[in-house]
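Structure first, then comments.
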Amino acid sequence: MTGLIAVLCIVLITLVVVQIGKVTELATKIRGEQDAQEEANNWSANFFLAFLFIFLFACIASAVYYKNDMLGYGPHIAASEHGPTLDYLFNLTLFFTGIVFIITHIFLFWFSYKYRGRRDRKALFFPHDNKLEVIWTAVPAIVMTLLVVGGLDAWNEVMADVGPDEEHIEIEATGVQFAWTMRYPGPDGALGTKYFKNITPINALGLDFNDEKCLDDIISSAAGEVIKLPVGKKVRVRITARDVLHNFDIPHFRVKMDAIPGLPTYFVFTPSITTEEYRDRLGSLKNDGTPMYPEWHEPYDPEDPESKKRYEEFYFELACAELCGKGHYSMRRIIDVVSEEEWKEWMDDQKSFYMTSIRGTDEDPHKGKLLDIEIKERRMDFNTKVEKALAATELTEKIIRLDHVNFETGSARLTALSRYELNNLFDFLNKNQNVTVELAGHTDNVGEPEANIILSDDRANAVYDYLLNKGVAADRMTVVGYGDTQPIESNDTAEGRQQNRRTEFKILTQ
Amino acid sequence: MASDLVTTTYDPDLLIEEQGYDDHFHDHHHGDKYQSNFITHYVFSQDHKIIAKQFLITGIFWAIIGAGMSIIFRLQLGFPEESLAWIKPLLGKWITVNEAGIGTLDPQFYYALVTMHGTILVFFVLTAGLSGTFSNLLIPLQVGARDMASPLLNMMSYWFFFLAGVVMFASLFLSTGPFSGGWTAYPPLSVLPQASSGSAAGMTLWTVSLVLFVVSVLLGGINYITTVLNLRTKGMTMWRMPLTIWAFFITAIIGLLSFPVLASAFFLVIFDRELGTSFFLSDIYIGGEALDRVGGSPVLFQHLFWFLGHPEVYIIILPAMGLVSEVLSVHARKPIFGYKAMVYSILAIAFLSFIVWAHHMFMAGVNPFISNIFVIFTLIIAVPSAVKVFNWITTLYGGNIRFNSAMLFAIGFVSMFISGGLTGIFLGNSAIDIQMHDTYFVVAHFHIVMGIAAFFGMFAGIYNWFPKMYGRFMNETLGKIHFWGTFIGAYLIFWPMHYLGMAGVPRRYYSFETFDAFAHFDGTNKFITIAAIVVFALQLLFVVNFFYSIWKGKRMTTRNPWGATTLEWTTPIDTGHGNWPGKIPVVHRWAYDYGKDGREFIPQILPVSEDESESH
């Protein structure tokens, strides 16, 4: 029914319009062609003159209306160190083009008004003027040169990569349909390599865990997670894509670069203002106490007048600016620029992706063995302990617990990872040929005391056998199974019992 | 007109009979067996004038569809909360109606609409509909030829375009939807059906359609070039050609050099899609698997695409510039100012158009150093463009301007070209482009400078040469309503978009609600949508005027109603196949002798008299 009415309306309007046309055509015929044309000329000329004023006024009025969205003005200042340069260039270009825009429009519409056709007017025969033409070729050429030089100067500075020794933080952004995945280097300060064929549902970036640098990398992929950046530090973003083109776009930083599968790109920038400071700017008040930018004082949630104000909820936003499919418009991440100290604290709290999601799973290439870094750490630990023990005079201080020597439950079979600690012990004994030791096994108090004695004895013997196999002389080692007779913690708690199940060695002579 | 102005009196038939060149036309074409029945006259016609009308009416058909699509996606952007359930009968499953009866546009189809809007407008309307129409209509008529060099190829050019249209139209009805990866069709999105359902059968039909379209452009272009070079009548030297012909001629050359590159890019896309090659693919993990397609580069496609894509904007705007130059001169009753400078500007723009393509790719991951060169060449284009603008304005100076719809649109064109051209200076400067790239600032820029401006050139052409096409005038009152509404409306649509761009609002967003920085333009977006609907309605008014005037418009009573100097107005009102019934006219002067020596205008066919001042 509505469709029918719509069609009827269209038909009616068409008829009316055609009738208007017909009537005016008849009127023209009655009045005579020339009179009608002259009248039309007057109408159009006046319209153009009126349009000139209204148009130029509207252009300026619109700039006033949208002033808070203008680059480098009011609340829309750049939040990166290179940003103001670009804003300045924009405004410089706006200045020059604005002059041209106004002058040409004044001439265009003024001439249209002034030289409207009249019966008594004679058109000027003015086919060319070389001097004029040279002038208006030269002037744009000079202005263009100015803008090109300024533009390229800024461009080459902004787009330059970091120098080989330049201090900076490198992070990585990967565009996927339809989200951004961020990766930060861990304590080593370097991002590890990745390869798209390594990608699995868990390892969504395809990190190569054989590359040590990957092991401490931190990944943040949830849309709600804040991306923290330190103020005043140079950031180099490595920009990659997993499936189709994306574009890493942070309008407030004046940062934009395509993300391309198979072709990593980068953008280097330095955040220059913290989120907190930016919020303060947005929420600032005039001298008379009224808000400088009232639109930022509106409630963040329009439905809930009690909610925080917009400026209080402000974050910098990361968007996608290259069409990547139907969810293109939704790839939002929020960015929080904080002080360097706060950023470091935050980074310390972040967990390595490898350790939280990969370590020990089937995808872990290091499953069943220690990482080099862990081996090194344990060795250092062990060495400090024995040095302390060697220096000690009290017998009780010459006992060293082998924290990383473990047995399978209820048996005396060493776990695979125990060998690292035992190797440390072997190296120690090898280096200090005068040392003799007592190898001791301990259990908790669960089960029969006799059985515990046997188990602890078997376990101490397993250590003994391992060292013997490695070539330690048998007379340098004695073996004792203490069972549950020497607890170091209470056996009433699980933690205590855990502590009591242990393997130790005591330096007897040195 | 004026009492002291000599209105030249001449009888073109007599003049051509006396002075004209006898090419024995009648010996060959007696009875005109090629145009004898309805099919050969109106459908498979080889007459350039009929083919021009075919291009124009097909262009109008596509313009309505393409602009209609923009209204639908503007409704989504301006009124995201409103129900679109009423449009479900048209769009079917692409409108999802929830339990409350609120219909929302599917994002997938939103992107399909955006893509189709761009493709249709750029290729089918502003290339075929504009250049196709007026190159066909005016080249033979204005250079004094009986027809195109090859009427058969000319006919085939239209029918390849028609076929391209049929394929594209069919793609609108696919269950997976039409192609939705943007008119630029960047891979990998356009190559991988896993990435977007529009990249399935929709993209196949899209590429097939556009390859057919390239064939059409090339057949037409070869013809235009050959005709201009070889079929100019006696006396019509290159420097006497009207600027329209210069524009069509150079446009055809640009098209001939650049469209094959686009075709090659499309062939490589087809290979990547259908044969498993990897020209544009590398290191991709999608749909749960890592593809075995490595070694290609998505950026390579962008180079190939923009090697056409940038010249393409001049393929669109140069014919409009030519039409506007001619219309401004005729209706200001003055010679175009700086004719030679105008020609050299066209040549300079055409040359530069081939070495600026990467300014679309400043942020695409190409080496920043390369951008330096493209910035320089891009901003140099501003110089010939500025020369053209100043010359148009000076053409008005001291004129005796006859304001009719054609002239209004020509002046409107100059305004649009200034407004849109100046924003190009921002975008061509790579440093500023960092912030502006792919934002609404770009949308505003290219819509004004090559969308609206090109349309204005086309409208100026249609209103001006409608009498030549149909022997009747279009209605002036409706034409003026059409102009003022569109002129003001177009600014209302696109001006605010500059501010969205400054705020960094990216283009091709289905919704702005996700981002705090983009969400506060809801009022502006509503405003833009309302303006777009009004402007769209005004274009329907133009269509009504157009078809009404074909049959019911005011009849043409004299053969040269505008007092123009060019040859098309020396043909009979009802111009037959072969254009001139007897001999073909011989040309004695350039096309711009208006107001010279106190004479209102001197047609090109009039010999130079002894007492005349310097002539061209």
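Computed from the coordinates by the stated procedures, all read-outs in this text should not be read as laboratory data. Quantities reported herein were computed from a predicted structural model and do not represent experimental measurements. Cβ sites come from the backbone with ideal geometry, for glycine too, and all protein chains shown count toward neighbours.
Cross-link candidates for A:LYS385: which lysines have Cα within less than 24 Å, leaving aside residues fewer than 8 places away along the same chain?
Hits, sequence-local ones excluded: A:LYS369, A:LYS376, A:LYS398, A:LYS431, A:LYS470, A:LYS506.
Work out the P(r) tail for the range A:202-313: percent of alpha carbon pairs separated by more than 26 Å, whole number.
41
Which links in A:LYS228/A:LYS351; A:LYS233/A:LYS286; A:LYS194/A:LYS326; B:LYS93/B:LYS526; A:LYS367/A:LYS388 stretch past 23 Å when you go from one Cα to the other?
Pairs exceeding 23 Å: A:LYS233/A:LYS286; A:LYS194/A:LYS326; B:LYS93/B:LYS526; A:LYS367/A:LYS388.
I'd like to compare B:355-362, B:432-439: which one has the highest average count of other Cβ atoms within 10 Å, and what's the full order after that?
B:432-439, B:355-362
Looking only at Cα atoms, what is the convex hull volume of the range A:34-118 per residue, in Å³?
In the range A:34-118, the Cα convex hull volume per residue is 75 Å³.
DSSP beta bridges in the range A:372-509, what fraction antiparallel, as a percent rounded to 5?
Taking every DSSP beta bridge with both residues in the range A:372-509, the antiparallel ones total about 65 percent.
Could you tell me what fraction of 2.2 N^0.38 Å the Cα radius of gyration of the protein assembly as shown comes to, as a two-decimal ratio?
With N residues counted in the protein assembly as shown, Rg over 2.2 N^0.38 Å equals 1.21.
How large is the translational diffusion coefficient of the range A:169-358 in µm² per second when you combine the Kirkwood radius over alpha carbon pairs with Stokes-Einstein at 37 °C and 0.692 mPa s?
184
Whose amide H sits under 5 Å from the amide H of B:ASP593, counting only residues 5 or more places off or on another chain, with H placed in the peptide plane?
Amide H to amide H, under 5 Å and 5 or more residues apart or across chains, B:ASP593 pairs with B:ILE602.
Using 7 Å Cα-to-Cβ label points, what is the A:LYS388/A:ALA58 separation (nm, one decimal)?
8.2
Give the angle, between 0 and 90 degrees and rounded to the nearest 10, that separates the Cα long axis of helix A:83-114 from the longest principal axis of the Cα atoms of chain A.
Its long axis makes an angle of about 10 degrees.
Summing +1 for each Lys or Arg and -1 for each Asp or Glu, what net charge is found among the other residues whose Cβ lies under 9 Å from the Cβ of A:ILE400?
Cβ neighbours under 9 Å give a net charge of +4.
Consider just the alpha-carbon atoms of the range B:354-449 and return their Rg together with their Dmax, both in angstrom.
When restricted to Cα atoms, the range B:354-449 yields Rg and Dmax of 16.2, 53 Å.
What distance in nm separates the simple spin-label points at A:LYS309 and B:GLU82, each placed 7 Å from Cα in the Cβ direction?
Here the answer is 3.4 nm between the modelled labels.
Output the antiparallel fraction of DSSP beta bridges having both residues in the protein assembly as shown, as a percent to the nearest 5.
70
Assuming R0 = 25 Å, what is the FRET efficiency of A:LYS29 and A:ASP120, from their Cβ-Cβ distance, to the nearest 0.05?
Between A:LYS29 and A:ASP120 the formula returns 0.60.
Under the definition of partner shielding as Cβ atoms of other protein chains within 10 Å of a residue Cβ, what is the mean value for peptide B:173-183?
Other-chain Cβ atoms within 10 Å of each residue's Cβ, averaged: 1.
Using the alpha-carbon atoms, what tilt in degrees (0 to 90, nearest 10) does helix A:33-65 show relative to the longest principal axis of chain A?
30
In Å and whole numbers, how far do the C-alpha atoms of the range A:372-509 stretch along each principal axis, longest first?
So the extents along the principal axes, rounded to whole Å, are 39, 33, 30.
Taking neighbour Cβ counts within 10 Å as the exposure measure, how do B:LEU152, B:LEU300 sort from fewest upward?
By the 10 Å Cβ count, ascending: B:LEU152, B:LEU300.
Would you calculate the convex hull of the Cα atoms in chain A and tell me its volume per residue in Å³?
Roughly 324 Å³ of hull volume per residue.
Suppose R0 equals 35 Å; then what is the FRET efficiency for B:THR558 and B:ALA537 from their Cβ-Cβ distance, rounded to the nearest 0.05?
My answer for the efficiency is 0.50.
As I understand it, the value is the acute angle between the Cα axis of helix A:418-431 and the longest principal axis of the Cα atoms of chain A; what does it come to in degrees, rounded to 10?
Relative to chain A, helix A:418-431 is tipped by roughly 60 degrees.
Quantify how strongly other chains surround peptide B:339-350 by giving the mean number of their Cβ atoms within 10 Å of each of its Cβ atoms.
Per residue, the number of nearby Cβ atoms from other chains is 1 on average.
Please figure out what share of the DSSP beta bridges in chain A is antiparallel and state it in percent, rounded to the nearest 5.
Of all bridge pairs located within chain A, approximately 70 percent are antiparallel.
Which lysines, if any, have their Cα less than 21 Å from the Cα of B:LYS480, not counting same-chain residues under 8 positions apart?
A:LYS22, A:LYS29, A:LYS114, B:LYS468, B:LYS552, B:LYS554
Quickly estimate the mean residue ellipticity at 222 nm for chain A, helices only: each DSSP H run with n ≥ 4 gives -39500 (n - 2.57), and the total goes over all residues, rounded to 500.
-14000 deg cm²/dmol, from helical runs alone.
Do any trypsin sites (Lys or Arg not before Pro) in the range A:318-420 lie in a DSSP loop with no more than 14 other beta carbon atoms within 10 Å, and if so, which?
Answer by residue number: A:LYS351, A:LYS367, A:LYS369, A:ARG413.
Compute the projected area of the convex hull of the Cα atoms of the range B:156-247, averaged over all viewing directions, and report it in nm² to one decimal place.
Average of the hull's projected areas for the range B:156-247 equals 7.4 nm².
Modelling each spin label as a point 7 Å along the Cα-to-Cβ direction, I'd like the A:TYR73/A:SER357 distance in nm, to one decimal.
4.5
Taking the beta-carbon count within 10 Å as an exposure proxy, list A:TRP343, B:TRP484, B:TRP86, B:TRP465 from fewest neighbours to most.
B:TRP86, B:TRP484, A:TRP343, B:TRP465
Count, for each residue of B:509-522, the Cβ atoms from other chains sitting within 10 Å of its Cβ, then give me the mean as a whole number.
Per-residue shielding by partner chains comes out at 5.
In cubic angstrom, how much convex hull volume per residue do the alpha carbon atoms of chain B span?
Hull volume normalised by residue count: 158 Å³.
Cut-off is 10 Å between beta-carbons; in what order do A:VAL176, A:VAL472 appear when sorted fewest neighbours first?
Fewest-to-most Cβ neighbours within 10 Å comes out as A:VAL472, A:VAL176.
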